[in-house]
Amino acid sequence: MSVEQIFAAVLTGGVISAILSYLAARRANKTTYMESVAETLSEFNDRLKTELKEVRIELDTERKRRRSEVEDLSEQLAAERRKTRALEERIASLESR
Amino acid sequence: MGFQNRMIERLPAGVQAHPLEASFVALAIPSGILGLIGVARSPALENALPRWAHIMWAVSLLVGCIAWGNGLLRAKYVNNGHVTIVFRQVDSLILGLSLVSVSCFVYAAAILTFAGWSGIPVAVPLLTFAIGTYIRRIKLASRAEGES
């Protein structure tokens with residue numbers, strides 16, 4: 001093999017490998033990468049505080065949602081019980097005639 | 001310093017986070033274009049590669065730089081701050097870094113083969129770029145994940 005052919009083979013192999021890596025990354029859906037670029041401890045601290053605040057907000061929202069769900073269910077249950085009681089009273093009054 | 005910081009903060013997030021990478025992309029694009037149109041001629045590459053491979057080398061370098069630059073330019077800061085950056089086109093970065101790495105490696109090898117010791121001042125930086133871009137590509141490929 002001549003020197004030209006060796007270089008051409010290396011280049012072609014490298015290009016094919018690059019294209020295959022690209023296709024593999026797309027197929028595996030590996031398209032996102034996060035980096036922290038905080039350069040000082042105080043920036044890092046601020047980032048953690050921001051993230052903590054966001055997590056607390058999400059937690060509060062979720063708690064409110066669940067509380068309102070529980071209240072709705074309690075109301076539904078109470079309404080069902082009232083209906084049942086009304087029906088039982090009606091049945092009792094019909095039976096007593 | 002305030003004015004300089006304000007000017008820098010107008011740059012895209014990826015360029016602010018990785019200015020040396022952006023510099024390399026900007027540095028190599030003219031080489032790719034001039035090599036493709038035949039204005040810039042490298043004796044080492046002309047000796048090392050047949051004509052079709054020489055064109056492929058120039059295309060590889062140009063496409064690699066464009067893909068790499070695309071990945072850098074599409075990065076965004078998240079969480080309303082300037083402390084976390086998300087690269088959303090990691091596949092483009094992987095393609096770009098791989099192509100630039102192989103182009104630099106082939107060029108460095110060609111220079112060392114045909115210019116000998118006198119080619120070392122040019123070949124060694126190219127070889128280090130080839131290794132550096134390859135390491136970055138491996139890191140990205142292993143750590144990247146899908147969109148959440």
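The values are calculated or read from the model by the stated rules, or taken from the named source; none is laboratory data. This one's a predicted model, so the numbers in the text were calculated from it and none came from an experiment. Every residue, glycine among them, receives a Cβ derived from its backbone with ideal geometry; neighbour counts consider all protein chains shown.
Residue under question is A:Ile91, and the condition is that it be among the β-branched types (Val, Ile, Thr) and over 34 Å from the mean Cα position of the chain (by Cα); does it hold? Criteria met by A:Ile91. Just to be sure I understand, how many residues within region B:92-123 are of a type in the set (Phe, Trp, Tyr), surrounded by fewer than 24 Cβ atoms within 10 Å (Cβ to Cβ) and in contact (Cβ under 8 Å) with a residue 60 or more places away in the chain? Within region B:92-123, residues that are of a type in the set (Phe, Trp, Tyr), surrounded by fewer than 24 Cβ atoms within 10 Å (Cβ to Cβ) and in contact (Cβ under 8 Å) with a residue 60 or more places away in the chain number 1. Residues in region A:20-41 that are at the interface with chain B (Cβ under 7 Å from one of its Cβ atoms) and at pLDDT 90 or above: A:Ser21, A:Tyr22. Just one of the listed residues (B:Ala44, B:Ala141) is surrounded by fewer than 24 Cβ atoms within 10 Å (Cβ to Cβ), in a helix (DSSP H, G or I), facing chain A (nearest Cβ under 7 Å) and in contact (Cβ under 8 Å) with a residue 40 or more places away in the chain, and it is B:Ala141. Selection of region B:66-91 for residues being surrounded by fewer than 22 Cβ atoms within 10 Å (Cβ to Cβ), modelled with pLDDT of 80 or more and more than 7 Å from chain A (Cβ to nearest Cβ) yields B:Ile66, B:Asn70, B:Leu73, B:Arg74, B:Lys76, B:Tyr77.
All conditions in (1) β-branched (Val, Ile, Thr); (2) touching a Phe, Trp or Tyr at 6+ places or on another chain (Cβ under 7 Å); (3) within 12 Å of another protein chain (Cβ to nearest Cβ); (4) part of a helix (DSSP H, G or I) hold for B:Val102, with the sole exception of (2).
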